[in-house]
Amino acid sequence: MANKRKKLTVIGAGFVGSTCAHWAASKELGDVVLLDINEGSAKGKSLDLFEASPVEGFDSKVLGTADYKDTADSDVVIITAGLPRKPGMSRDDLLATNAKIMKDVCLGIKENSPNAVVIIVSNPLDAMAYVAKEVLGFPRERVIGMAGILDSARFRSFIAEAANVSVKDVHAFVLGGHGDTMVPMPNHCSIGGAPLTKFLPQEKIDAIVERTRKGGAEIVGLLKTGSAYYAPSASAVQMAEAILKDQNRVLPCAAFLQGEYGINDLFIGVLCQLNGKGLEKVVELDLDETEKAGLENSKKAVEELVNALSQLEY
Ligand code: APR
């Protein structure tokens, strides 16, 4: 009988990729393939993770490889291949190197999993998603960037800590590009349905917004040798779960906009409905003037990066 389990491939067996495999296998999202140009790393981490399955009690196979043939017919592919940033670097400094890697990876996916939904994690996120979409040639439903869930998770954890409430009761999200111009949306946030201002003074909310914008750099500054991976991988796997289980979740993700918010042909973080097709739809919000200006600013930053891409050979 044919294998009926879902298949999830994670490209890049570094910190983010191997932690994605860990979350995905332990949630039994399907069988997991972990691919890296460093074959030993992919194989070693996969075997190690598979050997944890009897202890943790999960029935996911985990296969490590450097060969795209092993990824054939994946339902979802998460791409984490690429360099992470070091202290003092912005995500944008990774543009040229990671664009080459992204192209290489997407050619392998296109040939072996032409029907997959592809989730991009490599940075600079909005530009890498653009490269991926161009190389894959997939419709926008099947190329989606991970950033909004991560930025929102940082926002939500800081709010929960400051207000001394459960993270489960904090609803908050961040729109825009995955960089310093991201747009946290405190007016669209709530704690158990009540506005943030019922729990926190305005200056505390402002400070949390600022910390959220710099959340990635805060971790890079502490680690010194790489960037965050627990929260980024958990966020990518939440997207994969929404797709593999056809959940119709409404989550902030980077989508290729086609007219939404007056923006065309760029990946920007917006509220998305995700299901088995990938992106079901972009949910467009009514923004106030400040939020509109924030999104416009963010759009310009993403546009600059995409223009810089066109000057590069990759
Ligand atoms: N094909 C497959 N894997 C590749 C390729 C390639 N062409 N080039 C590099 N890799 C692999 C590396 O061998 C390495 O194992 O990508 C992995 C990257 O892992 P790390 O260096 O640990 O980086 P990580 O912290 O996982 O971040 C990866 O995600 O969040 C983003 O900014 C981050 O762009 C970075 C990416």
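Overview of results
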read-out	value
Accessible carbon and sulfur surface of the stretch 7-145 relative to its total accessible area, %, 1.4 Å	52 percent
The stretch 19-26 - phi-based ³J(HN,Hα) in whole Hz, Karplus 6.51/-1.76/1.60, Gly and Pro as x	6, 4, 4, 4, 4, 5, 5, 5
Flagged links, alpha-carbon separation over 32 Å, of LYS198/LYS245; LYS61/LYS214; LYS69/LYS299; LYS45/LYS277; LYS204/LYS245	LYS198/LYS245; LYS61/LYS214; LYS69/LYS299; LYS204/LYS245
For the stretch 261-273, Karplus couplings with θ = phi - 60° (6.51, -1.76, 1.60), whole Hz, Gly/Pro x	6, x, 10, 10, 6, 9, 8, 9, x, 9, 7, 10, 9
Where labels lie 7 Å past Cα in the beta-carbon direction, separation of GLU51 and ASP92 in nm	4.5 nm
Relative contact order of the chain, defined on C-alpha pairs under 8 angstrom at six or more residues apart (%)	17 percent
Exposure ranking of HIS178, HIS188, HIS171 by accessible area [1.4 Å probe, largest first]	HIS171, HIS188, HIS178
Accessible carbon and sulfur surface of the stretch 148-310 relative to its total accessible area, %, 1.4 Å	49 percent
Surface per residue (accessible, 1.4 Å probe) for the stretch 216-281, Å²	39 Å²
Radius 13 Å from Cβ of ALA25, net charge of other residues (Lys, Arg +1; Asp, Glu -1)	-1
Whole-number percent relative contact order across the stretch 189-314, with pairs defined as alpha carbons under 8 Å at least 6 apart	14 percent
Hits among aspartates and glutamates - C-alpha to C-alpha of LYS27 under 14 Å, sequence gap 8 or more where chains match	GLU56, ASP59, GLU241
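The values are calculated or read from the model by the stated rules, or taken from the named source; none is laboratory data. The structure displayed is predicted, hence computed values, not measured ones. Note that each Cβ is placed from the backbone with ideal geometry, even for glycine, and that neighbours are counted across all protein chains shown. These area figures cover heavy atoms from the full protein model, side chains too; ligands, DNA and RNA do not enter into them. Shrake-Rupley method; radii C 1.70, N 1.55, O 1.52, S 1.80 Å.
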